[in-house]
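Visitor: Dumping the structure here so I can ask a few things about it.
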Amino acid sequence: MITIDQPSAMQAWSDAEHRRGRSVGLVPTMGFLHDGHLSLVEIARGRCDACVVSIFVNPLQFGAGEDLDRYPRDEAGDRAKLEAAGVDVLYMPAADAMYPDGFQTAVTVAEVTRGLCGDGRPTHFQGVTTVVAKLFNAVRPEVAVFGEKDYQQLATVRRMARDLDFGIDVVGGPIVRDADGLAMSSRNAYLSADERSAARVLSRSLAQARTVCADGERDAATLLSRVRAMVSAEPLVRLEYASVVDASTLRPVERVQSDALLALAAQVGKTRLIDNTLLTAA
């Protein structure tokens, strides 16, 4: 595995791979890697000849008072995991390489960034799409893999890639969960033992709603009331939102008549976690 830290060098490496007839896959990350990230690497390696993983803690997607300064980092551990996973390139640009003096351009996706996490984090997705557009231009991949835990992010990047003619296949990787059901996240490192135990209510509430839906309940308000009741019984968890939305448009639905997404966000102590599950009317 080689490490590249400049966009021009990353472009040159990718261009050389393409001249050799080799396809390139990209997994964008902010580091502090876990098995969920590595599952995305496996998808990328299965679809492409060469795999690039980017690590960049993107300041543009953190709002005021969020955890940019304390976001967990483990460069040595990340390198070891990526080497073992067979990654070809670690693209690790510095902030001034990504956003040099005078940088003033932003990429905005309008509709799918409304609602869900977009309400409470109004600048977040513009930061995501801006940095991902820069990563796409530097790495020039045929395939880019994003986790379905950040479902709104995945939908936003897919929309951007289509609208701006990137010609990149944006692939979603299934949520990976720990044995206790908690969705894997770098932010789980913030949780105390008691908070982690409490956070399990998020996946349990989603599983209950999925079961109730499969048993025939289609009313979104009823499903959401069950989620809210279950989460509210856990004193260490404060629900930020729970919504049932169309899985493609992310607009709220009143009934589950086709594939729908039940998504939620919650504060567990001082840590914000998100999770989701797909509901089907079949």
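Visitor: If you take the residues of the stretch 123-165 that are acidic (Asp, Glu) and in a helix (DSSP H, G or I), which of them is farthest from Pro28 (Cα to Cα)?
Guide: Asp163
Visitor: Answer yes or no: is there a residue in the stretch 262-280 that is small (Gly, Ala, Ser), more than 14 Å from Leu202 (Cβ to Cβ) and modelled with pLDDT of 95 or more.
Guide: Among the residues of the stretch 262-280, not one is small (Gly, Ala, Ser), more than 14 Å from Leu202 (Cβ to Cβ) and modelled with pLDDT of 95 or more, which makes the answer no.
Visitor: Looking at (1) at pLDDT 95 or above; (2) of a type outside the set (Asp, Glu); (3) part of a loop (DSSP other than H, G, I, E, B); (4) exposed (fewer than 13 other Cβ atoms within 10 Å of the Cβ), find the lone condition where Arg70 falls short.
Guide: (1) is the only condition that Arg70 fails.
Visitor: Take Arg162 and tell me if it is surrounded by fewer than 18 Cβ atoms within 10 Å (Cβ to Cβ), closer than 30 Å to Gln126 by Cα and either under 20 Å from the mean Cα position of the chain (by Cα) or of a type in the set (A, V, I, L, M) (or both).
Guide: yes
Yes or no, residue by residue, for (1) under 26 Å from Asp163 (Cα atoms); (2) assigned to a helix (DSSP H, G or I); (3) in contact with a strand residue (DSSP E or B) (Cβ under 8 Å, 6 or more places away or on another chain):
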residue: Arg22; (1), (2), (3): yes, no, yes
residue: Gly36; (1), (2), (3): no, yes, yes
residue: Leu90; (1), (2), (3): no, no, yes
residue: Thr108; (1), (2), (3): yes, no, no
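Visitor: Any idea how many residues of the stretch 38-67 are of a type in the set (A, V, I, L, M, F, W, C), touching a helix residue (DSSP H, G or I) at 6+ places or on another chain (Cβ under 9 Å) and not in a strand (DSSP E or B)?
Guide: 6
Visitor: What is the residue count in the stretch 92-106 for residues that are hydrophobic (A, V, I, L, M, F, W, C), loosely packed, with under 13 Cβ neighbours inside 10 Å and part of a loop (DSSP other than H, G, I, E, B)?
Guide: Within the stretch 92-106, residues that are hydrophobic (A, V, I, L, M, F, W, C), loosely packed, with under 13 Cβ neighbours inside 10 Å and part of a loop (DSSP other than H, G, I, E, B) number 3.
Visitor: Sticking with this structure for a sec: Scan the stretch 166-181 and report the pairs whose first residue is over 23 Å from Thr156 (Cα atoms) and not assigned by TED's automatic domain parsing to the domain that holds Asn137 and whose second residue is of a type in the set (D, E, K, R) and crowded, with 18+ Cβ neighbours inside 10 Å, with Cβ atoms within less than 8 Å and a gap of 6+ or a chain change.
Guide: Going by the 8 Å Cβ cut-off, the qualifying pairs are Asp180/Arg196.
The values are calculated or read from the model by the stated rules, or taken from the named source; none is laboratory data. Computed from a predicted model, the values in this text were never measured in an experiment. All Cβ positions, even for glycine, are placed from backbone atoms using ideal geometry, and neighbour counts span all protein chains on display.
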